[in-house]
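Below is one structure, written out as structure tokens; comments come after it.
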Amino acid sequence: MSADLNVVGQSVERSDGIGHVTGRTRFFGDRSFPGMLHLKMVRSPLDHARIIGIDLTDAERVSGFVRALTASDVPHNLYTILGLIGVEPEEEFVLAEDRVRFKGEAIVAIIAESEAAALEAVSKVHLDLEELPAVFDVEEALRPGAPIVTSWGNNTFMYEGHPCRRVRLGDVEAAFERADHIVEGVYNTSPIEQAPVETTGCIAVPEANGRYTVYTNTQALYFSLDNTAIILQVPGNRLHFVGGTVGGGFGGKVDVIVEPIATLAAMKTNRPVRFAYSRSEEMQVSSTRSAWRIYIKDGISRDGHIIARKVTSYADSGAYSRQTPYALTKHAANAAGPYAIPNVSIDAYCVYTNRQPTSAMRGFGVTMASFALEVQMDKIAERVGVDPWTIRFINAYRNGDMKPHRKLAEDATLIETMQAAAALVGHVLPDDLRAMTSAPRDAGPDGGRD
Amino acid sequence: MASRIVTFDLGGREVEVMVRPMTTLQSVLRNQLGFTATKDGCRQGGCGSCTVLVNGQPMLSCLLPVEDVAGQRVTTLESITPAEGLHPIQQAFLDAHASQCGYCTPGMVMVSKALLDHDPAPTDDAIRHALTGNICRCTGYRPIVTAVHSAAEAVHDAADAMRGSAGERAR
Amino acid sequence: MARLRGTGMAAVNYPTGMNLGGDPSQALIHATTSGSFVVSLSATDLGQGLKTVIGQIAAETLGVEFGEIVVDTADTDTGPHDMGTFASRATHRVGNAVIAAATEARQALLDVASEELEAAVEDLEIDGHGNLMVKGVPSRSVRVADIAALAQFKYGRTIAGRGSYMKPKSIVDPETGAMDPDSTEAHACTVAEVEVDTETGEVTVLSIRSAYEVGRQVNPALVAGQIEGGAWMGMSHALYETTAPYYPAVDHSPRDFSEYLMPGTLEMPIVESVILEMPSSNGPYGVKGLGEMTANSPIPAIVNAIYHATGVRIDELPVTPEKILRGLDAMAHASS
Amino acid sequence: MTVRTYLLPRSRPEALGLLDEHGPELLVMAGGTVAMPLINEGISLPEAVMGLRLAGLGGLERAGDELRIGATATLTQLLDQDAVPMLREAARNTASWSIRNMGTVGGNLFTPPPGGDVAVALLALDARVTLASTRGERVLPLADFLTGFMSTELAADELLVEISVPIPGEPTAYLKLGRKHASTPSVVTVAARLEWRGGRVTDARIALGAVGPHPIRAREAEQLLVGTRLDADAIAAAAVAAAQGCEPFTDGIATDWYRRRMAGLFVGRALEQLTPGAAGEGR
């Protein structure tokens, strides 16, 4: 087929390459506008607190101060980014109302003539906060008596009545009973900052025709526009979003955090307003990938076939869940790995704590599953007494196999990929592994197992 | 808070700017002069995306009050881009796919320029050491290191060709 | 001082696209008077090269040179809806939308050419280099650019196309988790080689070698770039990165790039890869999604290699020198 | 506070005069690599700042058996000199090229741990600092100048103007452990210098960085070495003493446990480099 193609398959030069090497590629922050104002946030210094009072008096006296925005200025101050695709409930505040749930939560937006003036005014906003007990561990948050982060009485995201995303195939407990080996593991991963070299930001500009143009480095232009329209309670046609050139994303720029408040600021001042995260805000305030704790229990037959896999995963969502509930669904769909396992049980919990919120990052729910599963596979190999290649080959899924989520595998090529990797590193595979393919199983000796 | 006028050489032309106290060179370049090739990745001196050359030495424009460079020679990526085509370092970055998002590229090119000006035939070790202050989140760095090697060869070949055309072949 | 070497492997799958679907991407294409084609999108390029591969896919489908394609993105006033660039979806979704739009535009082009050349549409072909001809009759060949101009000025027609691609939304069964959570699956297998200093616990990653099955490479140099950058990021996640060094404690979270550790030019391992292409049934020209997965298999491969080298199992990321040293201490204590 | 006054004195007397005039609220900045990030983010909000880049306090010269380093000599200048190899090594292991072009030797003495890698070397070298004010000058051993976490002997009206370093006659060792190989904070930094007579150590200096509130001397370890032939037992004893005697802290880079352990290990590794006949001798 490749022979029939002209340019697909060719390493043509990047179309933005010359712009990149000359510095002419225009990122959002390379624009500036006459009269542009700057927005900086007053953020919670505490992990969990009740807001008693906000005193703006000293801030308002700062030379260059233009105005402040608080929760009452935001037309629809409660939202969830995934509300657009039906994920509920609305849970996050653009600006905090009565309570802050993590250190760094936005409370007051300060708009000023310069960044320096904005920073100075931020330093002069006095917050009266009453500290509340906080919870930081993904399992402690589930224990009775733990401080409750959400507004609905427990610390889990609810999946259609369940506190976790469930996947069930076969009967794991029965299979554990007849397994020759049980291998258990618990895996922990740290939260990860996406760390694009360009921080998240935007500039909102009032136009002559009453519309607002928002130059943004969002990864999802319409997601940002639609959420902004909802939060500001304006028709979408008042908004014009321009982007498409992003200085690295890695999932860090799919949250709709900067555009709504910057656009509101432009509306309230009738001036262009720039709001971009500082590097420390990017690291300490913007959402990260969740910390994960993953428990795996596997039942294995004497010959090395995994006959049952039970996975219980907890993603620490932080104070707001953003895209994380969806990551748990993706995680649950992939938490058995690329293996044919007839009995699977997966419970994946999205848990709220008083940490920095979490959201998307490259590998959304799967990277951490792959880490846990592939370390687990080595432990299984060691227990069964085969090498790491063999254990993966004999368990590898093939086309036509039913995955735990009950979709039949269509594009399985794990076996061929492992064969290619073995060849690349000079690892000589035994003939039976070399002869395997991902073709659908027949009724032969390799097929039809439990 | 009186503003001051600061004059410096930017890529061979004298520029004069009026600044508030302690305005950074980065801010002057980007916000006052529209020289936005110099990037803005952290303002902490940690990412290298704002690297410019001051009297030929790489420095971080986010940490440099513009008043400190009054009367001095500042070189940015705009300054080294020729009227036609590309600087050999730019060409090498393009050919090696040493940019993905492109945000680190200006800083990387400027450090590479300083390196090749100091040392036209750097070792692999010298290239790697020169780039330790510049963060790239996309490429894994190897394509960038490869580009600097190629650029060094290209500069060297160009010099050879020039000598050759001058009829000074040793052979 | 002992330096121990070890090798570890890992094999992974990665699903393409927003997992439950319902995530449309749209594209519009029109020809200019000079025969260039403008692809209008609202999808974003994060640096992975979307603008480039979309240009390639449009050129391929239209049968013109890559240089004739202008990719105009992303502007909500001009670009039709797109869900966004994430979930390894962009090349798959936008690519499919662009194929649909280009196919429609190509048909419009052929319709005009059919009138101009007085030949049936079925008898026409475009050669991939901007020449439109009657099959088997090289003498009856015109430039696509000329047909584009004639369409505007002689026939008063648009040469344009609309395209959309959406995987229908899958509803998850809340009891069993039955769902359709992918469009296709790409695969990778990585072998990592490490050296561990048993006195400091420091890990040097010597090499990361991988096989990737990606369906179809639209642009091999960009694929290689994703793999090289992803291997680095995987190594970074395995050994360095954290915003909570002592989870669940919230202390010592980093503020800058000196505290948020990532490997640099002095830590680069050898990265090698081979690519398999086993086209997917639903991706544009068989594409699967590669972008996200390249950081995945290196992580467990490195962790497994550390175990192979030292006998210390670390089940907690990142694997810091301190964790290894404590593991070595515990092993020495147990055996003494 | 938006910076309202930025002073850029062109000479040492002008700098001292301005310092006197503006008093202790004046933030003195040399290379800006520590102060500017804090100002840029609004963490530090000084009203008035004095920059020393043009104050004529730079330069670096060999004078007899001393290396005299102007307070605003850059770390790059330190890397380019060859009179004191240990200082070259220290500069090479500090930050990145651009930062070294901006950061100053004097500024490094005020950089809180885990920074201050050059100060560690200077401490092992028995450097002395010259402090000047409109009242006059005084010279202090660096060991006495560093008094606590981000605190020194510097009076409010004084400027650090020069660091003088006796050029060592014997080989020295300098090792830095970071989590990466360059441009990274220190887990531990060790600088060691020994004097010998008749195959025995007659004097020892071991300075440690990132394992105390400021660069510190491992005095007990130093004493244990004097009189020995620097055999394996002596090295091991010194390493243990250094590890026990330091005051490591936990940060995002390393725990106190790991820093203490590495302090011992790297004191040992540094001393091994100084063993007669060891590779690396001649530094």
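For this structure, a couple of remarks:
- For chain C, the extents of the C-alpha atoms along the principal axes are 92, 44, 40 Å, listed from largest to smallest.
- Among residues other than D:GLU61 with Cβ under 15 Å from its Cβ, the summed charge is -3 (Lys and Arg +1, Asp and Glu -1).
- Ellipsoid semi-axes in whole angstrom, largest first, where each is sqrt(5λ) of the Cα gyration tensor of chain B: 30, 20, 13
- Approximate spin-label separation A:ALA423-A:LYS268, in nm, with each point projected 7 Å along Cα-to-Cβ: 6.3
- Helix B:105-118 and the longest principal axis of the C-alpha atoms of chain B enclose an angle of approximately 60°.
- Charged-residue dipole, Cβ positions (Lys, Arg, Asp, Glu), chain A about Cα centre, Debye nearest 20: 580
- Taken along its three principal axes, the alpha carbon spread of segment A:328-396 comes to 44, 21, 20 Å, from the longest extent down to the shortest.
- With both residues required to sit in the protein assembly as shown, DSSP beta bridges show an antiparallel share near 80%.
- Evaluating kT/(6 pi eta Rh) at 37 °C and 0.692 mPa s, with the Kirkwood radius of segment A:251-363 over Cα pairs in the Stokes-Einstein relation, gives 199 µm² s⁻¹.
- Peptide-level mean, for B:28-41, of C-beta atoms on other protein chains within 10 Å: 4
- Note that segment D:5-51 shows a convex hull volume over its alpha carbon atoms of 67 Å³ per residue.
- Candidates C:GLY84, C:GLY130, C:GLY156: whichever shows maximal mean-square fluctuation once chain C is modelled as a Gaussian network with Cα springs under 10 Å: C:GLY156
- Converting the Cα gyration tensor eigenvalues of segment C:25-165 into ellipsoid dimensions via √(5λ) gives semi-axes, longest first, of 28, 14, 12 Å.
- Relative contact order for chain A, counting Cα pairs under 8 Å that sit 6 or more residues apart, in percent: 17
- Calculated on C-alpha atoms, the gyration radius of segment A:115-202 divided by its Kirkwood radius gives an Rg/Rh of 1.15.
- Note on A:LYS330: lysines with a C-alpha under 16 Å away, same-chain residues under 8 apart excluded, are A:LYS403, A:LYS407, C:LYS167, C:LYS169.
- Nearest-ten-degree value, helix A:414-425 long axis tilted from longest Cα axis of chain A: 90
- Anisotropy class assigned to segment C:1-80 is prolate, per the alpha carbon gyration tensor with a/c at or over the 1.5 cut-off and a/b larger than b/c.
- Rounded to whole Å, the principal axis extents of the Cα atoms in segment A:348-450 read 54, 32, 26, largest first.
- C-alpha center-to-center spacing [segment B:35-69, segment C:46-98] in angstrom: 34
- For segment A:1-71, the C-alpha radius of gyration divided by 2.2 N^0.38 Å, with N the number of residues, is 2.22.
- Distance between segment B:1-32 and segment A:143-205 - C-alpha centres, whole angstrom: 51
- Across all Cα atoms of segment B:4-79, the radius of gyration (one decimal) and Dmax (whole number) stand at 10.9, 29 Å.
- Relative contact order, percent, chain D [alpha-carbon distance under 8 Å, six or more residues apart]: 15
- Listed residues D:GLY59, D:GLY70, D:GLY23, most fluctuating in chain D (Gaussian network, C-alpha, under 10 Å): D:GLY23
- Compactness of segment D:172-274 as Cα Rg over 2.2 N^0.38 Å, two decimals: 1.02
- Across all C-alpha atoms in the protein assembly as shown, the radius of gyration and Dmax reach 31.3, 106 Å.
- Per residue convex hull volume, Cα atoms of chain D, in Å³: 121
- Highest GNM mean-square fluctuation among A:GLY304, A:GLY86, A:GLY365, for chain A modelled with Cα contacts below 10 Å: A:GLY86.
- If the convex hull is drawn through the Cα atoms of chain A, its volume per residue in Å³: 181
- Note that segment D:60-166, at 37 °C in a medium of 0.692 mPa s, gets a Stokes-Einstein diffusion coefficient of 240 µm²/s from its Kirkwood radius over C-alpha pairs.
- Candidate cross-link partners of B:LYS39 among the aspartates and glutamates, defined by an alpha-carbon separation under 14 Å and a same-chain spacing of 8 or more, comprise A:ASP30, A:GLU198, B:GLU78.
- Listed by chain and number, the lysines placed with their C-alpha closer than 29 angstrom to that of C:LYS135 are C:LYS154; residues fewer than eight positions away on the same chain are left out.
Each value in this text was obtained by applying a stated rule to the coordinates, not by laboratory testing. If you're wondering where the values come from, they're calculated on a predicted model, not measured in any experiment. A quick note on method: Cβ atoms are made from the backbone with ideal geometry, for glycine too, and the neighbour counts reach across all protein chains shown.
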